[in-house]
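The values are calculated or read from the model by the stated rules, or taken from the named source; none is laboratory data. All values reported here derive from a predicted model rather than from experimental measurement. Here the Cβ positions follow ideal geometry from the backbone for every residue, glycine too, while neighbour counts run over all protein chains shown. Ligands, DNA and RNA are stripped out before the accessible areas are found, and what is left, the full protein with its side chains, is counted by its heavy atoms. Shrake-Rupley method; radii C 1.70, N 1.55, O 1.52, S 1.80 Å.
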Amino acid sequence: MISSWRLAPLIPLLGVTLLGEFASRSGWLPAYLFPSPSSVLKTLVEDASLYRKAFFETVLAAGAGLGLSMAFGLLAGLVLAASTRIRKMFYPYAIFFQTVPIIAIAPLLVIWLGYGMPTVIASAFIVSVFPVIANSVQGLTSTDPVSLQLFRMLDATPAQILFRLRFPAAIPQIFGGFRIAAGLSVIGAIVGEFISGSGLGGFVDASRNQQRVDRVFAAVLLAALLGILFFYCLSLVHPIISRHEKTPEN
Amino acid sequence: MIRARALGKRYESTGGGLAPLDLEVERGQWVTLLGPSGCGKSTFLKLVAGLEVPGEGGVETSVPRSRMSFVFQEPALLSWSTVEENVILPLRLRGADRKEALEKALPWMEKLGILSFRSSFPAQLSGGQKMRVSLARALVTDPDLLLLDEPFAALDEPIRIELGLELRELFLQMKSTILMVTHSITEGLWLGDRVLVFQGRPGKVVLDEALALGDKRPLSLRGDVRFLSRVEQCFNLLKEGRT
């Protein structure tokens, strides 16, 4: 019974798809604004090679941006968590960095990095790095005080405290940051592609100029699937890192 | 072994802490510390362990910190490490290799009845089992001084009694010194050789007495008239301190 409910999220999707199909075919919604789901699928099949190329460009850029975010965000989190003074000095800038809208700085990225992959990767990185920093700092600075006293009692070195206590204790939160960053990296890549003209973002922009709403929908669908794919890939790792949380009851 | 001279520590925010205290503890004694919350019992343990800095006075111990172990009220186990890894943690942090650490840890794990679930994670254990792991981790270094801060507080009465009996037995074998903070008068007197009763905030010692109940502490001792009169004496002092 429970396992059959795993497919429950497909029910609203199916409902909306059928409704969209019906509304479009019956003329309730104008096809030039809301193409029918079947026509979007048809476009996807007909232009498969174009979409495949754009999709993999976005996968590569978002993946690289996410990888950089994970590496840099974690490193920055470790540095910021190491000292209250460092945190007080630099953390407000990390927050400020997060509040700057990427759409406003994307043109600057083009000026600095040119039209192409580096701009898209930088955009994906900028959008997705903050949750990794924030979650890493939060996780690394909220270690159980009793465990910290235990390590002090055992005369543990700062490196032992970091790598044997603070870091393992923070892994669930750091991983939470990675998962948020996964979705954001796709958004960042798409925004970067709007400006630099490549990948799914570039495809959306070009299709908009051509008034090909069906193509826009198809590209948006792929972009959403890409976000889900990234999130799902990271979710696959979750059971491995949380195996110790399994209680006898579950 | 432990010599405190006018040792005090006050917490301005709560008004609690420890009033200046002069105290000597000899090797091989089990000293029970009784008193209300905030009277400085745990603070005293932390001052002895060097986890807190004295506000006034000082404390000397002939035991280096590497020969002390602290058992907290919470088991404070590393949730991502197995039982075995938790027990050998003190040895590993001090540079022992895994094999050497396990050789030392296995007899303790056997004595405390946790050997059969050495590969389990803390989340899979009951409260009593977690405390056994915490005790094994404290004992694996063969400490000369064991500091116990309400170690059985979160456990059911039958498990408290069972662990108390086992710990008393181990204490006699190890010939180490124990300072134990507890809120249970019966448990504290049953297990200890000497009792300190604290009153007030900041707390001061109003009773410091050797119990002379012998080495072995069978459960039946808890029903003994002499024992019960001691319990009553401590109870009255604690009650008096509250009013």
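Okay, residues lined up against (1) surrounded by 18 or more Cβ atoms within 10 Å (Cβ to Cβ); (2) among the basic types (Lys, Arg); (3) in contact with a His (Cβ under 6 Å, 6 or more places away or on another chain); (4) away from chain A (no Cβ under 11 Å):
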| residue | (1), (2), (3), (4) |
| --- | --- |
| B:Val71 | yes, no, no, no |
| B:Ser79 | no, no, yes, no |
| B:Gly95 | no, no, no, no |
| B:Leu106 | no, no, no, yes |
| B:Leu148 | yes, no, no, yes |
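Just checking, which of A:Leu75, A:Leu60, A:Leu66 is at pLDDT 95 or above and surrounded by fewer than 15 Cβ atoms within 10 Å (Cβ to Cβ)? Steps first, please.
Working: A:Leu60 fails: surrounded by fewer than 15 Cβ atoms within 10 Å (Cβ to Cβ); A:Leu66 fails: surrounded by fewer than 15 Cβ atoms within 10 Å (Cβ to Cβ).
It is A:Leu75.
Test A:Ala81 against the stated conditions and say whether it is open to solvent by less than 40 Å² (accessible area, probe 1.4 Å), touching a Ser or Thr at 6+ places or on another chain (Cβ under 6 Å), among the small types (Gly, Ala, Ser) and farther than 25 Å from A:Ser196 by Cα.
Numbers: open to solvent by less than 40 Å² (accessible area, probe 1.4 Å): yes; touching a Ser or Thr at 6+ places or on another chain (Cβ under 6 Å): yes; among the small types (Gly, Ala, Ser): yes; farther than 25 Å from A:Ser196 by Cα: yes.
Yes.
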Could you look through segment B:47-66, keep only residues that are in contact (Cβ under 8 Å) with a residue 60 or more places away in the chain and under 26 Å from B:Ala19 (Cα atoms), and pick out the one that is surrounded by the most Cβ atoms within 10 Å (Cβ to Cβ)? B:Val48
Identify, from the list B:Ser69, B:Ser42, the residue that is touching a residue at least 12 places away in the same chain (Cβ under 8 Å) and not assigned by TED's automatic domain parsing to the domain that holds B:Leu211. B:Ser69
In segment A:126-158, what count of residues is obtained for those that are under 21 Å from A:Ile86 (Cβ atoms), polar (S, T, N, Q) and in contact with a Ser or Thr (Cβ under 9 Å, 6 or more places away or on another chain)? 1
Identify all residues within segment B:108-126 that are within 14 Å of chain A (Cβ to nearest Cβ), open to solvent by less than 50 Å² (accessible area, probe 1.4 Å) and not hydrophobic (A, V, I, L, M, F, W, C); write none if there are none. B:Ser120, B:Pro122
Counting only residues that are farther than 30 Å from B:Ser42 by Cα, give me the helices (runs of 4 or more DSSP H) lying completely in segment A:137-250 with at least 2 of them. A:167-196, A:199-209, A:213-241
Of the numbered conditions (1) under 19 Å from B:Phe171 (Cα atoms); (2) open to solvent by 30 Å² or more (accessible area, probe 1.4 Å), B:Gly192 satisfies every one except a single condition; which is it? (2)
Condition check: in contact with a strand residue (DSSP E or B) (Cβ under 9 Å, 6 or more places away or on another chain) and part of a helix (DSSP H, G or I). Does B:Phe44 satisfy that? yes
When segment B:186-243 is examined, which residues are found to be among the charged types (D, E, K, R) and assigned to a loop (DSSP other than H, G, I, E, B)? B:Asp193, B:Arg201, B:Asp215, B:Lys216, B:Arg217, B:Asp224
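Pick from B:Val53, B:Val25, B:Val48, B:Val87: which is within 14 Å of another protein chain (Cβ to nearest Cβ) and touching a Ser or Thr at 6+ places or on another chain (Cβ under 7 Å)?
Numbers: B:Val53 fails: touching a Ser or Thr at 6+ places or on another chain (Cβ under 7 Å); B:Val25 fails: within 14 Å of another protein chain (Cβ to nearest Cβ); B:Val87 fails: touching a Ser or Thr at 6+ places or on another chain (Cβ under 7 Å).
Unique residue meeting the criteria: B:Val48.
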Please work out which residue is farthest from the chain's Cα centre (by Cα), limiting yourself to segment A:140-156 and to residues that are open to solvent by 50 Å² or more (accessible area, probe 1.4 Å) and under 21 Å from B:Glu52 (Cβ atoms). A:Asp155
